[in-house]
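The values are calculated or read from the model by the stated rules, or taken from the named source; none is laboratory data. On a predicted model such as this, the values are computed, not experimentally measured, just so you know. So basically every Cβ, Gly included, is an ideal-geometry build from the backbone, and we count neighbours across all protein chains shown.
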Amino acid sequence: MDRRSILIVDTGPIWELVLYRAVKELGFANLKRDLTHFSSLKAYENCGNFLSAFGKKTTSASVVAELYHQIRETEQKGRPQLWELVYEEFRNMSMDEDVVRLLDMEPDLIAKYGPIDVSLLEIARRNLGRRPVILTLDSHLHAECKKAQISAELLIEVCNPLSD
Amino acid sequence: MENYEAILPFNPTYPDLLELRGKIAEYVAEFIANNSRTLPRHYTMHHFWKEYAETFRDYFDGFAETKHYNVRGKTRELLAISEQLKADLEALRLTLVREYDIPAAPIEPPRNTPSETVLPRPR
């Protein structure tokens, strides 16, 4: 992957990064069952390698809202620490954030895929000159990207590359 | 930074840190304080820290575990004082309730509903 490419990150991979640290560093054992992709250090490192190959990483403001919903489903007393991890991940991986207004998105697509997926597709569309790649764990979004001729990677494949 | 920038041409996978330039010292201080000897690979500062963490070894030593004993001890003391204060206030409250024969004010319930306390949400 070229460092000039831009990576657009969906909620799932970010949440997985946060969960991994919450389990490993904070000892939030209850969240371990939510950790679906980073089942090993190797899987986590493979994802890290993939992410580090991109010079620019961004996400959508809608993704941040979805992270809020994820965190709301956890025990109240641990939520501030989970938010701290979200902030640290964003800061440490130099994550950018784009806002896509509802009125800039096609109503038909919103009805079909929801504002989060459509906002990611829109960010990709805005950055076509920078060879955008969407990272998700959602196979429906992945399929839709392929249909729209936008590069996309599934987190499961990133964590377990064929070469391993 | 100059050293890092000098090795960039020989390490094409290393990111340039131009956007972080003014914050490098802040990051380094944070890594030292958090005893972060290595960083995850997806962090922008991963390669920088891999190259230069060792040069800050003396500072790491200053933050060795033993140096924190005092802080940890004081933290425990403060927690104990806080718990005791809570218990004392509760006792005073009950004394006043009895002394003046007034109904005890309800204690505010936690804001979260029972469903929110369940971990985690099924996917």
Residue set B:Arg21, B:Arg72, B:Arg98; condition part of a helix (DSSP H, G or I) and within 14 Å of chain A (Cβ to nearest Cβ); output residue B:Arg21
Counted residues in the range A:1-47 being over 14 Å from A:Thr136 (Cα atoms), in a helix (DSSP H, G or I) and at the interface with another protein chain (Cβ under 10 Å from one of its Cβ atoms) come to 12
Within the range A:47-61, residues in contact with a helix residue (DSSP H, G or I) (Cβ under 6 Å, 6 or more places away or on another chain) and either at pLDDT below 95 or aromatic (Phe, Trp, Tyr) (or both) come out as A:Phe50
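Here are A:Ile71, A:Ile8, A:Ile14: which of them is at pLDDT 95 or above and in contact with a Pro (Cβ under 7 Å, 6 or more places away or on another chain)? So that I can check it myself, show each step before the final result.
Details: A:Ile71 fails: in contact with a Pro (Cβ under 7 Å, 6 or more places away or on another chain); A:Ile14 fails: in contact with a Pro (Cβ under 7 Å, 6 or more places away or on another chain).
A:Ile8 is the lone residue from the list that is at pLDDT 95 or above and in contact with a Pro (Cβ under 7 Å, 6 or more places away or on another chain).
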Within the range A:58-81, the residues that are facing another protein chain (nearest Cβ under 10 Å) and either in a helix (DSSP H, G or I) or surrounded by 20 or more Cβ atoms within 10 Å (Cβ to Cβ) (or both) are A:His69, A:Gln70, A:Arg72, A:Thr74, A:Gln76, A:Lys77, A:Gly78, A:Arg79
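Looking only at the range B:90-104, which residues are farther than 23 Å from A:Gln76 by Cβ and out of contact with any Leu (no Cβ under 9 Å at 6 or more places or on another chain)?
Going through the range B:90-104, the residues farther than 23 Å from A:Gln76 by Cβ turn out to be B:91-104.
Matches in the range B:90-104: B:Ala91, B:Leu92, B:Arg93, B:Leu94, B:Thr95, B:Leu96, B:Val97, B:Arg98, B:Glu99, B:Tyr100, B:Asp101, B:Pro103.
Tell me whether the range B:40-62 contains one or more residues that are assigned to a helix (DSSP H, G or I), charged (D, E, K, R) and under 25 Å from A:Glu84 (Cβ atoms). Full working, then the answer.
At the first step, the residues of the range B:40-62 found to be assigned to a helix (DSSP H, G or I) are B:46-62.
Applying the additional criterion that residues be charged (D, E, K, R) yields B:50-51, B:54, B:57-58, B:61.
When the remaining residues are screened for being under 25 Å from A:Glu84 (Cβ atoms), the result is B:50.
There is at least one residue in the range B:40-62 that is assigned to a helix (DSSP H, G or I), charged (D, E, K, R) and under 25 Å from A:Glu84 (Cβ atoms).
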Restricting attention to the range A:114-140, the residues that are in contact (Cβ under 8 Å) with a residue 40 or more places away in the chain, of a type in the set (A, V, I, L, M, F, W, C) and out of contact with any strand residue (DSSP E or B) (no Cβ under 6 Å at 6 or more places or on another chain) number exactly 2
Is it true that some residue in the range B:73-84 is modelled with pLDDT of 90 or more, aliphatic (A, V, I, L, M) and farther than 25 Å from A:Arg79 by Cβ?
yes
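Restricting attention to the range A:93-113, which residues are of a type in the set (Asp, Glu) and either within 14 Å of chain B (Cβ to nearest Cβ) or out of contact with any strand residue (DSSP E or B) (no Cβ under 8 Å at 6 or more places or on another chain) (or both)?
As a first pass, look at the range A:93-113 and keep what is of a type in the set (Asp, Glu): A:96-98, A:104, A:106, A:108.
Hits for the range A:93-113 are A:Asp96, A:Asp104, A:Glu106, A:Asp108.
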Over the range A:96-117, the set of residues touching an Asp or Glu at 6+ places or on another chain (Cβ under 7 Å) and hydrophobic (A, V, I, L, M, F, W, C) is A:Val100, A:Met105, A:Ile116
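Take the range B:25-36 and flag every residue that is outside any helix (DSSP H, G or I) and either within 23 Å of A:Phe50 (Cβ to Cβ) or modelled with pLDDT of 90 or more (or both). Give the derivation first.
Step one: of the range B:25-36, the residues outside any helix (DSSP H, G or I) are B:34-36.
Passing the criteria: only B:Ser36.
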